[in-house]
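In what follows, a single structure is set out as structure tokens and then discussed.
The values are calculated or read from the model by the stated rules, or taken from the named source; none is laboratory data. Fair warning: this is a prediction, and the values are worked out from it, not measured in the lab. Note: ideal-geometry Cβ built from the backbone for every residue, glycine included; neighbour counts use all protein chains shown. Surface areas here come from the heavy atoms of the whole protein model, side chains and all, with no ligands, DNA or RNA. Shrake-Rupley method; radii C 1.70, N 1.55, O 1.52, S 1.80 Å.
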Amino acid sequence: MEERTMSDRITLRRFDDMHCHFRIGPIMIDVVPFTARYAGRATVMPNTRPRAILTGKDVIWYRDHLLRLLNGMKLAGMSVLEPLMTIEIRDNTTPKMIVEAKRAGAIAGKVYPLGVTTNSDEGLRDFSGKKILETFRAMQDVGMLLLLHGEIDQERTLVTKREEAFLPTLLWLAERFLDLKIVLEHVSTRSGVQTVERLGKNVAATITVHHLCLTLNDIIGYGVQPHNACNPMPKDFEDRDVLIQAATSGNAKFFLGSDTAPHLREKKECAKGACGVFTAPVLPAVLAEVFERAGKLDRLEDFTSRFGAEFYGLPLNEGTITLVKKEWIVPEQIGGVVPFRAGTKLRWQLLREE
Ligand code: NCD
Ligand code: ZN
């Protein structure tokens with residue numbers, strides 16, 4: 001039998017993936033099982049269409065869809081995950097809606113500032129009005145997390161500067177709501193990381209695997225590569241260095257939120273392509289590569305499986321996954337979606353369950 005040294009194999013506690021787009025409809029069947037292979041829990045984003053998740057009723061409806069799929073997977077002997085449900089916070093979200101959503105099982109509210117990303121056409125316009133502040137206060141009172149898509153689209157602001165433009169809003173909110181747990185989702189800049197480091201323990205950030213790999217060059221530097229396009233846009237080399245440093249630093253404020261965001265191939269390869277990268281099929285393998293390259297494989301489990309749970313106030317997942325050093329080529333397409341790193345060779349491979 002083949003001998004494997006310890007460095008050929010890593011066993012990790014099952015992950016918490018604190019930012020996943022599972023969508024609604026047939027595409028769910030193709031995408032959810034990939035996250036379930038490695039995650040014990042996943043924060044499920046509410047920007048679904050045609051029906052967005054805005055109320056307690058929507059939460060119950062969406063969770064039922066997911067549980068039907070997950071129960072089928074369980075019967076087929078596949079691993080399953082626990083969905084952590086969220087609602088989208090809009091200008092018309094009221095404290096009453098917060099209480100009802102919490103009762104229905106929503107763990108968090110997600111803010112998409114107007115117009116900054118996929119399905120944010122009814123996103124939040126006003127962060128400081130009396131009504132929305134009452135809504136944020138209700139979230140704090142019931143113990144719901146506030147997840148922020150931290151970008152703002154304003155005049156004369158390039159897409160690459162939208163995160164920095166948002167940071168004053170993050171500071172403003174964090175100072176006003178000291179007991180509200182706030183997550184700056186998919187942080188993508190050095191300034192974003194530094195702001196989160198500086199703020200109190202009620203503020204954390206998720207980091208995606210693609211932001212640990214890409215710079216803007218990988219989107220527009222060598223021909224347009226629509227399958228790498230996402231919001232926030234990957235930035236400069238220095239930003240990426242700082243993200244790698246934050247993810248591998250052992251600082252509990254930074255944890256995994258993959259933002260795995262599948263779009264059908266034809267929605268990406270067209271005149272106005274959708275933003276979002278489908279990373280779930282390669283996520284553990286690419287993360288292992290990044291942490292190994294940084295010489296920090298020993299910090300991977302804290303990033304994937306501890307810090308997120310601790311920030312959310314959840315017990316650690318039971319169960320483990322194992323990665324082995326074995327090359328494989330990422331498929332060109334999975335169920336109509338082109339995955340991250342399609343057609344390329346990866347070093348690590350998630351061991352299939354027996
Ligand atoms: C996400 C999507 O496709 O829903 N897209 C993206 O580029 N990340 C939405 C989001 O998280 O911004
Ligand atoms: Zn997202």
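Please determine, in degrees from 0 to 90 and to the nearest 10, the orientation of helix 27-38 with respect to the longest principal axis defined by the Cα atoms of the chain, where the helix direction is its Cα long axis. Tilt relative to the chain: about 70 degrees.
When every Cα-Cα distance of the chain is counted in 20 angstrom steps from zero, the calculated P(r) takes the values 32, 61, 7, 0 percent. Compared with the dominant principal axis of the Cα atoms in the chain, helix 130-142 is inclined by about 50°.
The orientation-averaged projected area of the convex hull spanned by the Cα atoms of the range 1-134 comes to 11.1 nm². Basic side chains Lys and Arg get +1 at the Cβ, acidic Asp and Glu get -1 at the Cβ, and with that the dipole of the range 15-318 about its Cα centre reaches some 660 debye.
Take the Cα of E318, step 7 Å toward its Cβ, do the same at D121, and the gap between the two points is 4.5 nm. Amide H to amide H distances under 5 Å link T43 with D17, M18, H19, C20, L84, where only residues 5 or more positions off or on other chains count and H is placed in the peptide plane. In the assembled protein chains, K345 presents an accessible area of approximately 110 Å² (probe radius 1.4 Å). Among K267, K325, the sequence by solvent-accessible area, most first, with a 1.4 Å probe is K267, K325.
Leaving out ligands and nucleic acids, note down the accessible area per residue over the chain with a 1.4 angstrom probe, in whole Å². The partial results should precede the final answer.
Working: 15430 Å² over 354 residues.
Value for the chain: 44 Å² per residue.
Backbone N atoms of the range 190-223 closer than 14 Å to the 7 Å Cα→Cβ label point of D236 belong to residues 190-192, 215-217.
Of all DSSP beta bridges confined to the chain, the antiparallel ones make up roughly 25%.
Near L147, the amide H atoms lying under 5 Å from its own belong to G109, K110, V111, V183; only residues 5 or more places off or on other chains count, and H is placed 1.01 Å from N. Comparing F254, V203, P232 along the charge dipole axis of the range 184-256, the residue lying farthest to the positive side is V203, per the Cβ-charge model.
Counting Lys and Arg as +1 and Asp and Glu as -1, each charge on the Cβ, what is the dipole of the range 191-242 about the Cα centre in debye, to the nearest 20? Please report the intermediate quantities before stating the final value.
Numbers: 4 positive and 6 negative charges, 44 e Å.
It works out to roughly 220 debye.
Of the accessible area of the chain, computed with a 1.4 Å probe over protein heavy atoms only, carbon and sulfur atoms account for 51 percent. Full extension of the chain between I329 and I24 gives 107.0 nm of extra length, using 0.36 nm per residue less the Cα-Cα distance. Pairs over the 23 Å Cα-Cα cut-off, from the set K253/K345; K110/K131; K235/K272: K253/K345.
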